[in-house]
Each structure stands twice: as C-alpha cells, then as structure tokens.
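This report refers to the structure that appears directly beneath it.
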Amino acid sequence: MNTPPFYSIGLLYNVLAEPEPAFLGTAFAFRHRSFFVTAGHCIGTLDCDAIRIVLPLVDEEDLSISSIRHHASADVSLLSTTSTPSLTLEPFSGIGGADNWGDPIQVLGYPEEASADGVVPTARLLLGTIQRKFTHTSALGYIYRAGETSFGAPAGMSGGPVHSPSSLDRVIGVMAENHDSTTYLKSVEEVQANGQVYRERIHEVIRYGLYVSLSEIADWLEPLTR
C-alpha cells in the first residue's frame, strides 16, 4: 500500500440517540473488511443495535454491528459487522511498523469541525512524531502502554489508526485521548499599576495526544481477527 489507507476508516454513530444520531468517533478496518477497531470509550456501554459504522469514502456504506469485544484494561474495542463492505475497503493487514521514541507517525480520523451547519466530522491526516512511551492510567480507568504524539487529539479523532509512513499497511496504535503536559513559563512582564511595579508571569499548558500501543495487546487482538 503506497498511500495512506483512507478507505479503511469510518465514522461511528449512535443511531438510537435523540433527536438525531450522535457521532461517537473514528474506527478502522483491521485484517478483514468485517472487523473494525476503535477506542473503547467511544462506544462505552452501547450495545450492537445502537452502533453503526459509516464509510463515507466507500460509497457511503452503512454497516450494522453483530458483536463487540472490549479489552480488559486498554482503551480498545473490536467490532464485528453483520455484512462485508465492498472491495473498495482496504483494511490494515496487521500490527507493525516503527513504534519507538522519535519515530515519525501518521494518524487518520474524523475530528469534529465547527461550521455553519453545526459540528461536522471531517477527514484529517495528522503528521508528527512519537515523543515518549509510558504506562498510562486514564481518568476513565483504562490502563495501557501509551505512545505520546507531538500533536493533540481533536474531538472525534479517538479510535483513529496510528501508523508509520514507512509501513502504511500496518497499524501501531489506536488514538485514545489528550494528555496535558506540565505547565511551563511562557513569558514574564513588568506591569506598573497604582504606583507599584510587579511581575506578571504567563504559563501555558501543552496538549499532546495519546495512543494505545497495539503491540502490547497483540495477544488479545490478533486471535480475534484471524
């Protein structure tokens, strides 16, 4: 595969939400056209009847779900579809590619974008590097080996595939959440007011994205998708 696998990604919706279906996040085909991986928090406790996967780049196909499997600790879920999408869909062939500090990465997904028509999921390809690897415990209670990206994870990007530009047919992780760094001193200004002079310090928080490293849970994911 010589181009980013745009045809592997889809949008997750809760079709039972009122007054209209609610966008949940991104999912991507893995190993077969009937298996899709996403971040576990995107679907939470929803059942199969509530979830649909829309493939806007594959003739607007709308796939229903036959089963959901959640990893015991990592923020990853595997969805099986009741029908097989068209041959246009190009699933990732497996887990692999560079997954070390400093390696370049790409992330595909559907971050939400505000427009005159409301919030619209928009296909995006984000580029950056892996800044570090560490064991992360999320606010939702997920525990997983995480990779930190040099860019943030916009709303809607959760569940998107993280992969290496040198190995576009394989996936190394699932985009999961944002992580705020320790604040740092951005600037110091002297301010004069009421006959006094004082220093005003401005701090800033940097926001990075986190992904679940799939090599760490390969023994769970790969047998389910054979």
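Only the coordinates and a few stated rules stand behind these numbers; no lab work does. If you're wondering where the values come from, they're calculated on a predicted model, not measured in any experiment. As a convention, Cβ positions derive from the backbone with ideal geometry for all residues, glycine included, and neighbour counts pool all protein chains shown.
When the distances between all Cα atoms of the range 52-127 are binned every 10 Å from zero, what whole-number percent does each bin get?
Here the calculated profile for the range 52-127 is 13, 33, 40, 14, 0.
Relative contact order for the range 49-153 using alpha-carbon pairs under 8 Å, separation at least 6, rounded to a whole percent?
18 percent
Can you check what the net charge comes to around TYR142, using other residues whose Cβ is under 13 Å from the Cβ of TYR142 (Lys, Arg +1; Asp, Glu -1)?
-2
Hey, what D do you get for the chain in µm²/s if you plug the Kirkwood alpha-carbon radius into Stokes-Einstein at 37 °C and 0.692 mPa s?
Estimated via Stokes-Einstein, D reaches 179 µm²/s.
Quick one: P(r) of the range 11-142 from all Cα-Cα pairs, 10 Å bins, percents rounded to integers, in order of increasing distance.
P(r) for the range 11-142, in whole percents per bin: 11, 37, 38, 14, 0.
For the chain, what does the helix formula give at 222 nm: sum of -39500 (n - 2.57) over DSSP H segments with n ≥ 4, over the residue count, nearest 500 deg cm²/dmol? Let's see the in-between values first.
Working: 2 runs with 11 residues, N = 226.
Mean residue ellipticity, 222 nm, calculated: -1000 deg cm²/dmol.
How far apart, in nanometres, would the label points at ASP169 and GLU204 be if each is projected 7 angstrom from Cα along the Cα-to-Cβ direction?
A separation of 4.2 nm, rounded to one decimal place.
Sort 34-44, 211-221, 125-135 for me by packing, meaning the mean count of neighbouring Cβ atoms within 10 Å per residue, highest on top.
On the way: 34-44: 23.0, 211-221: 19.8, 125-135: 14.5.
Per-residue Cβ counts within 10 Å, averaged per peptide and sorted highest first, yield 34-44, 211-221, 125-135.
What number in nm² do you get for the range 1-86 if you take the convex hull of its Cα atoms and divide its surface by four?
For the range 1-86, the mean projected area of the Cα convex hull comes to 5.8 nm².
Could you work out how far apart the two model spin labels at LEU57 and THR122 are, taking each label as a point 7 Å from the Cα in the direction of the beta carbon, and quote it in nm?
According to this spin-label approximation, the distance is 1.6 nm.
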